[in-house]
Amino acid sequence: MTLCVIHGHRGARGIAPENTLAGFSRACALGVDGLELDILISADERVVIHHDARLNTMQTRDLRGHWLESPPPRIRELTTTELAAFDVGRARPGSSTAEQFPQQLPADGERIPLLTDLAAWWHGLPEPRPVLNIELKSHPESPQEAPAPRDYARIVLAELKAANLLNHAWLQAFDWRVLQEIQAQCCDIPTGYLSCARDEDPTIRQDGDSPWLAGFDPLHFGDSLPQAIKTAGGAFWGPWFGDLSRDRVREAHELGLRVHVWTLNEAEHINRALNWGVDGITTDYPGRAREIFLTRGIAVASPGEPDRDTPVHP
């Protein structure tokens, strides 16, 4: 039987507020192999689950119900006590998030979770529990948004160890400098090297070295991105779907790399990636992906037991 895993993107962003415990719960209720989530570091050096360097005005209200306006503060500038004063349980009406994900069900009262909050919830799940696919958010040209790579790695690994999650997580990043530090400080945790060569916000450059790649630019490895990642010590490659092809999947596999592609929501793209032989997909709609997998005879994770107040939609 073909093997491929499904990871819920930011929980299950298509049907629940992103990077919230409610979203992770809904993904597990559907049945996923992994939960993809994003982390940043707070002012008091705690690991915070949040995608954007600043609080997202499209999903953040204060406790009086007022939507945040631009420019919101950076996660790095706020303590965990200050972060607890925000509600991220629904998309702002009329926002691009609300328009992009009309099936997203609100979960009012959801706070921005810490990694420790996720760990406490995750350890309470029945086995087999989903792997935690953790993306470390940072920007090499915006050092004010995150600690220096060595400190970032130290903080994250310490929290994972304290929470007994080191053997249950992957760490992935576009900023390969951080992954190099992770590998230097802990040789046991799988690292995923994310990449994107599209015109907007590329991390791969065709005309020289990129600040994202820690010196492992493909141009130094025969223009082979998989070879660069293999040399860097990665366990898997996380490409944007638009950069992928059957030949590139084959090349990565020949080098011993797994290929886990992001972010696939359309049936056409999911089927094409499966035809290419990818090892995993990340999706905003885990239920949709599961239906495709089942139709093709691919094994899927068993659905979990939904919480009483957790509706489940495909």
Next item on the list: Kindly indicate whether any position in region 206-215 is at pLDDT 95 or above, within 21 Å of His9 (Cβ to Cβ) and not aliphatic (A, V, I, L, M).
Entry: yes
Margin query: Can you say whether Arg258 is free of Cβ contacts under 8 Å to residues at least 24 places away in the same chain, in contact with a Gly (Cβ under 9 Å, 6 or more places away or on another chain) and of a type in the set (Lys, Arg), as far as the supplied structure shows?
Written below: yes
Next item on the list: Could you tell me whether Leu257 is aliphatic (A, V, I, L, M) and crowded, with 19+ Cβ neighbours inside 10 Å?
Entry: yes
Checklist line | Matching residues in region 172-200 - criterion: being out of contact with any strand residue (DSSP E or B) (no Cβ under 8 Å at 6 or more places or on another chain), farther than 18 Å from Pro211 by Cβ, open to solvent by 40 Å² or more (accessible area, probe 1.4 Å) and at pLDDT 95 or above | finding: Ala184, Gln185
Next item on the list: Could you tell me whether any residue of region 105-123 is assigned to a loop (DSSP other than H, G, I, E, B), among the aliphatic types (A, V, I, L, M) and without any contact (Cβ under 8 Å) to a residue 60 or more places away in the chain?
Entry: no
Checklist line | Residue count, region 172-189 (criterion: touching a Phe, Trp or Tyr at 6+ places or on another chain (Cβ under 6 Å) and farther than 18 Å from Lys137 by Cβ) | finding: 0
Item checked: Meets criteria (touching a residue at least 24 places away in the same chain (Cβ under 8 Å), touching a His at 6+ places or on another chain (Cβ under 6 Å) and surrounded by 23 or more Cβ atoms within 10 Å (Cβ to Cβ)) for Gly238 -> yes
Margin query: Any residue in region 154-175 that is within 18 Å of Gly192 (Cα to Cα) sitting within a Cβ distance under 7 Å of a residue that is of a type in the set (Phe, Trp, Tyr) and surrounded by 20 or more Cβ atoms within 10 Å (Cβ to Cβ)? List the pairs, counting only those 6 or more apart or interchain.
Written below: Phe174/Trp212; Asp175/Trp212
Next item on the list: Kindly establish whether Asp52 is of a type in the set (Asp, Glu) and either touching a Pro at 6+ places or on another chain (Cβ under 7 Å) or open to solvent by less than 10 Å² (accessible area, probe 1.4 Å) (or both).
Entry: no
Margin query: For region 60-118: of the residues being open to solvent by less than 40 Å² (accessible area, probe 1.4 Å) and among the hydroxyl-bearing types (Ser, Thr, Tyr), which is nearest to the chain's Cα centre (by Cα)?
Written below: Thr97
Note to self: Given the criterion on the phi < 0 side of the Ramachandran plot and touching a residue at least 12 places away in the same chain (Cβ under 8 Å), identify the matching residue among Leu294, Leu244.
What the structure shows: Leu244
Next item on the list: Give the residues of region 123-154 that are touching a Cys at 6+ places or on another chain (Cβ under 9 Å), within 17 Å of Trp170 (Cβ to Cβ) and not charged (D, E, K, R), sorted by residue number.
Entry: Pro130, Ala153
Note to self: Six or more apart or on different chains, Cβ atoms under 8 Å: show the pairs whose first residue is in region 206-228 and under 14 Å from Gly238 (Cα atoms) and whose second is crowded, with 20+ Cβ neighbours inside 10 Å and small (Gly, Ala, Ser).
What the structure shows: Leu213/Ala228; Leu225/Ser195; Pro226/Ala252
Check: Using beta carbons and a limit of 6 Å, which pairs, at least six apart or on different chains, have the first residue in region 133-144 and surrounded by 12 or more Cβ atoms within 10 Å (Cβ to Cβ) and the second one charged (D, E, K, R) and modelled with pLDDT of 95 or more?
Finding: Asn133/Glu36; Glu135/Asp38; Lys137/Asp38; Ser138/Asp175; His139/Glu145; Pro140/Asp175
Checklist line | One residue from Ile292, Ile270, Ile229, Ile298 being modelled with pLDDT of 95 or more, closer than 23 Å to Ile204 by Cα and open to solvent by less than 50 Å² (accessible area, probe 1.4 Å) | finding: Ile229
Check: Considering region 210-226 alone, what residues qualify as being crowded, with 18+ Cβ neighbours inside 10 Å and either among the charged types (D, E, K, R) or closer than 25 Å to Glu141 by Cβ (or both)?
Finding: Ser210, Trp212, Leu213, Ala214, Phe216, Asp217, Pro218, Leu225
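The values are calculated or read from the model by the stated rules, or taken from the named source; none is laboratory data. Since the model is a prediction, treat every value here as computed from it, not as a measurement. Methodologically, a virtual Cβ is constructed for each residue, glycine included, from the backbone with ideal geometry; neighbour enumeration extends over all protein chains shown. Quick note on the areas: whole protein, heavy atoms, side chains included, nothing else; ligands and nucleic acids left out. Shrake-Rupley method; radii C 1.70, N 1.55, O 1.52, S 1.80 Å.
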